[in-house]
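Below is one structure, written out as structure tokens; comments come after it.
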Amino acid sequence: MLKNSLVNFTLLWLLLQVLVEVNCQMTPFKPSALNCHTATFIDNKLYILSGLTITSAKSYNTVKEFFYLDVSIPFNTRELSWQDLSNINMVPPHGLATSAKGGVNNNTLFVYGGGSFTNQAMELVYTFDPHHMIWNPPKITGINAIRKSSLTGVMGYNGKFYLWGGSTYENIILNDMLILDTISLNWGKGSLVNAPTPRIFYGATLLPNNKIIYIGGTNDDTTEFGHVNLNIIKGITLSLSEVYLYDMINDNWDAKITTGKIPSNRFGFSSVLGLDGQRVIIYGGAFINPGYLDTTLYVLDLTNYNWYIPKISGIIPKPRVFHQANVIGKYMVISFGIGYDRTVESDILLLDISNNEEYIWTIKFDPSVSKTSPPLSSSPSPSPSSPLPSSSQLSNSSTNNSNSNHMVGAIVGSLISVIFLLVGGFFIYKWIKNKQNQKIINENNNHNNEEKAMPIERDIHDYDQAMDNNEQEIIQMPRNTNESIIIPANDHHEQEIMQTPKNENTTNHEPIILASTEANNNNNYGQIISTSSNDRLSSQILKDEILQAVKQEIAQTLKNELLQVARDNNINIAKINAKQD
Ligand SMILES: *[C@@H]1O[C@H](CO)[C@@H](O)[C@H](O)[C@H]1NC(C)=O
């Protein structure tokens, strides 16, 4: 009798472990298909804020998401564990803003500008304090700064945020230099003498010599490009044969003529400084078809302003536009954007840039080398090369269960996973049969095949196909607004814009206006499913639904079984429920 209940108890315990695990994995945060978001790297976390989603080929919507990726631990880009902070996000849904790390303690997230696309009040600048998890609109003194969008701000080594170019609410493209001192919270202006011509969606990178390099972009916000191949179909795009340097110390501009394999004109790409500080790496963007297969990765040698195509290995990803890139450890970390199929490629791309002779596209992030620069703060760090403390933190956080359980779990785990698979398989079968949707099944099969092996030839093949299929899928660049009533500029930035009802010949270009309550955001997601012409997007969402349904059914079944066993053993049910939480 005693032996029997001991066996039962062990079984119950193991089932509980599985259930807890299922519950934990049941609601992973799945971000929207973002573009024109901001990505800021602070204290081993990559924070992603807001951005746009494509609702149809020519209209965009804003989202209110705020989440981060913990990069203190190794991860695989195929299984990203996003941590959702949307519930504490007080920044209205917006896109086309720019962000950087700055402030008194050099660990505050600053977000400037962007467009809410709605009548919703939005401050010019917001800050997020990651330690206290608080958003604030800071009070900033000095000149009456204006709101700009579609720009890339650069945080100087001095804590000043350099906000050059971009476009106003009225879609006037500028070349002025706004400077936000994030330490004294004061606005200033930089020189316009010899500044580049007005532009948006350019590349901007901070160099070690206190200069900022500005590359490419566009001065035409009616530009259109292919959804998948990102080839520019209509509109003007600026050349990369000349680059511009802004000297932060002396407040002056300089231009440099570039040589070598000059990338074709492009905008909406990302640019980062190489780890040796001697080169700028650019990736992606919407571009003029150069007449050859463009791997969209180029390097500008800063010693002679010579462009070259770097040697790369690994699986070459599709080009992306309106993404973001951060240097984290030895990687150029690319986040989201337009141009890839989310069922095939991760929202995050990793390019290992540690070896200038050969960059490597990879899906595995190794944080052990991410501490290339020792922290500048006064926080004690034993030695820069010592193993990361976070790995032990990780195991601590997951050791709610005693170690012995892991042993038992390992032995019986395989048995349970067989049951798990059988039950799961059954429910998948049941669910799919209910849906009677042969197309989805086919799509999933394709997806599985694709995941097994992705030789470079496949990519090129797909790329060509995309070019063929893509003729009707043309994307219009996001704009603040086409028709807007401008309330004369005053202190109330938040009331500067009011959007008029749609007007017959601009309906294609107008962003969809939606209220920004939580409930409506959920609806927005639903609308994407129904209005998107992209089958792969909807198939991804349906696939998620399948997974969700299966997980819920399995969890329910296990829960019922558990309760049954619990009753047999007279174990307090309340205790189990507490454990589940
Ligand atoms: C802030 O930290 C960065 C490194 O992340 C450093 O380059 C910069 O100089 C720091 N800024 C200030 C004002 O100390």
By its C-alpha gyration tensor, with a ≥ b ≥ c as the square roots of the eigenvalues, how is the stretch 200-315 shaped: rounded for a/c under 1.5, else prolate for a/b larger than b/c, else oblate?
oblate
Three-way shape label, the stretch 96-222, alpha-carbon gyration tensor, a/c 1.5:
oblate
Quick check: pseudo-label points 7 Å beyond the Cα along Cα→Cβ at Asn289 and Asp43, how many nm apart are they?
4.9 nm
Taking the Cα of Ile172, stepping 7 Å toward and past its beta carbon, and measuring to each backbone N in the stretch 182-212: which are under 15 Å?
198-199
Quick one: pull the percent of accessible area on the stretch 30-394 belonging to carbon and sulfur, 1.4 Å probe, ligands and nucleic acids left out.
53 percent
Selection of GluC sites (Glu not before Pro), the stretch 303-370, meeting DSSP coil and at most 11 other Cβ within 10 Å:
Glu357
Which pairs break 29 Å Cα to Cα here: Lys160/Lys261; Lys148/Lys311; Lys45/Lys139; Lys139/Lys330; Lys261/Lys318?
Lys160/Lys261; Lys148/Lys311; Lys139/Lys330
Taking amide hydrogens as modeled 1.01 Å from N in the peptide plane, which residues meet the under 5 Å criterion relative to Gly142, leaving out close sequence neighbours?
Trp187
Any residue on another chain or 5+ positions along whose placed amide H is under 5 Å from the amide H of Leu85 is listed here as Phe66, Phe67, Tyr68
Between Asn194 and Lys139, 0.36 nm times their residue separation minus their Cα-Cα distance comes to what?
16.6 nm
Extension gain from Asn209 to Ile236, taking 0.36 nm per residue of separation minus the Cα-Cα distance
6.5 nm
Ordering Lys58, Lys364, Lys139 by the accessible surface of their heavy atoms, 1.4 Å probe, largest first, yields Lys139, Lys364, Lys58
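Grab the other residues whose beta carbon is less than 11 angstrom from that of Gly102, score K and R as +1, D and E as -1, and report the net.
Its environment carries a net charge of +1.
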How long are the semi-axes of the ellipsoid equivalent to the stretch 30-394, from square roots of 5 times the Cα gyration tensor eigenvalues, in whole Å, largest first?
26, 25, 22
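The values are calculated or read from the model by the stated rules, or taken from the named source; none is laboratory data. Remember, predicted model here, so these are calculated numbers, not experimental data. Cβ atoms come from the backbone with ideal geometry, glycine included; neighbour counts cover every protein chain shown. Quick note on the areas: whole protein, heavy atoms, side chains included, nothing else; ligands and nucleic acids left out. Shrake-Rupley method; radii C 1.70, N 1.55, O 1.52, S 1.80 Å.
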